[in-house]
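Novice: Questions regarding the structure given below will be posed in turn.
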Amino acid sequence: GAAPVSRPSAIALDLLAREAARGVKAVLTGDGGDEVLGGYRRHAAERYAWLFRGLWRERSGARRVPLRGLAARPRPASDGGALAPGLDADPRASRLRRMLYLEQSSWLPDHLLERGDRMTMAASIEARMPFMDTRLAAFVSGRKDSCRIRFGEDKWLLRRAMEPVLPHDILHRAKVGFRVPVNLWFRTVLKDYVRDLLLGPGSLTRDYYRRDALTRILDQHADGRTNHEKLIWSLTNLELFQRRYRLAW
């Protein structure tokens, strides 16, 4: 069914899928590679998290208390028994493995794969995801953490496996995401449009918010004082979604 566009990167993915569909009917994507093999900066930084937690305690004088992960605040399952998927990781597992497990069972299927499927299907193109192969996931899961992150290098196992195939510049280039400059747009070319959309007389969602609070948020973003791009994006898409489908309700 229809849904608001949750993240700006969906725009870039939609344009990319439409361009690819001009020449091919199926494509391979890298979805799942980061979540299975440890490809985000937070994965590489996780092993040093204890240092910053200790530094914060020392500076703040906070009482030493046991650190709890997400699994310590679980959402109860619908049957009131077992923990919800993603929060039921084995407590004996390393923090990295628990982090990856949470991402594999929540962020990956509920956002990345769902978004990719919507955008490619809208362009009438098939997307195939080699990193989602269950045999690959099982193989990587059986390896030590050092096969994912080693000396601060992410996806270490994949990089070593691809050394005979890919050039060095490709193997070690910086991560390139689907960045859309909505921060800049909301301060320039879309500033007046968004303000009228959310606060103007035709707004269908303006009663959802305190006008003074929303005005302050838009002003802070327009002046460059605070980056509210994610919030403004969400509010804008909710308004557009209601305008598009209000007759169906």
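Novice: Just the accessible area per residue of region 111-206, please: how many Å² with a 1.4 Å probe?
Specialist: 64
Novice: Could you give the spread of the C-alpha atoms of region 87-195 along their three principal axes, from largest to smallest, in whole angstroms?
Specialist: That works out to 53, 39, 33 Å along the principal axes.
Novice: What full-extension length gain, to one decimal in nm, is calculated for Ile11 and Arg243 as 0.36 nm per residue of separation minus the Cα-Cα distance?
Specialist: Details: separation 232, 0.36 × 232 = 83.52 nm, distance 1.92 nm.
Length difference between fully extended and current span is 81.6 nm.
Novice: Additional query: For region 152-219, treating each Cα as an identical point scatterer without solvent, what Debye log10 I(q)/I(0) comes out at q = 0.12, 0.13 1/Å?
Specialist: Normalising to I(0) and taking log10 leaves -0.56, -0.58.
Novice: Excluding residues on the same chain fewer than 8 positions from Lys230, give the lysines whose Cα lies under 23 Å from its Cα.
Specialist: Lys175, Lys191
Novice: I need the trypsin sites (Lys or Arg not before Pro) found in region 131-227, filtered to DSSP loop residues with at most 16 other beta carbons within 10 Å of theirs.
Specialist: Hits after loop and neighbour filter: Arg143, Lys144, Arg173, Lys175, Arg179, Arg210, Arg225.
Novice: Of the heavy-atom accessible surface of region 182-249 (probe 1.4 angstrom), what whole percent is carbon and sulfur?
Specialist: Of the solvent-accessible surface of region 182-249, carbon and sulfur hold 53 percent.
Novice: Evaluate the distance, in nm, between pseudo-label points positioned 7 Å from the Cα of Glu163 and of Ala3 along their respective Cα→Cβ axes.
Specialist: 4.1
Novice: Can you pull out the chymotrypsin sites (Phe, Trp or Tyr not before Pro) in region 154-236 that DSSP calls coil and that have at most 10 other Cβ atoms within 10 Å?
Specialist: Passing sites in region 154-236 do not exist.
The values are calculated or read from the model by the stated rules, or taken from the named source; none is laboratory data. Keep in mind that what you see is a predicted model, and the values were worked out from it rather than measured. All Cβ positions, glycine included, derive from the backbone under ideal geometry; neighbour counts span all protein chains shown. Surface accessibility is based on the protein's heavy atoms, side chains included, excluding ligands, DNA and RNA. Shrake-Rupley method; radii C 1.70, N 1.55, O 1.52, S 1.80 Å.
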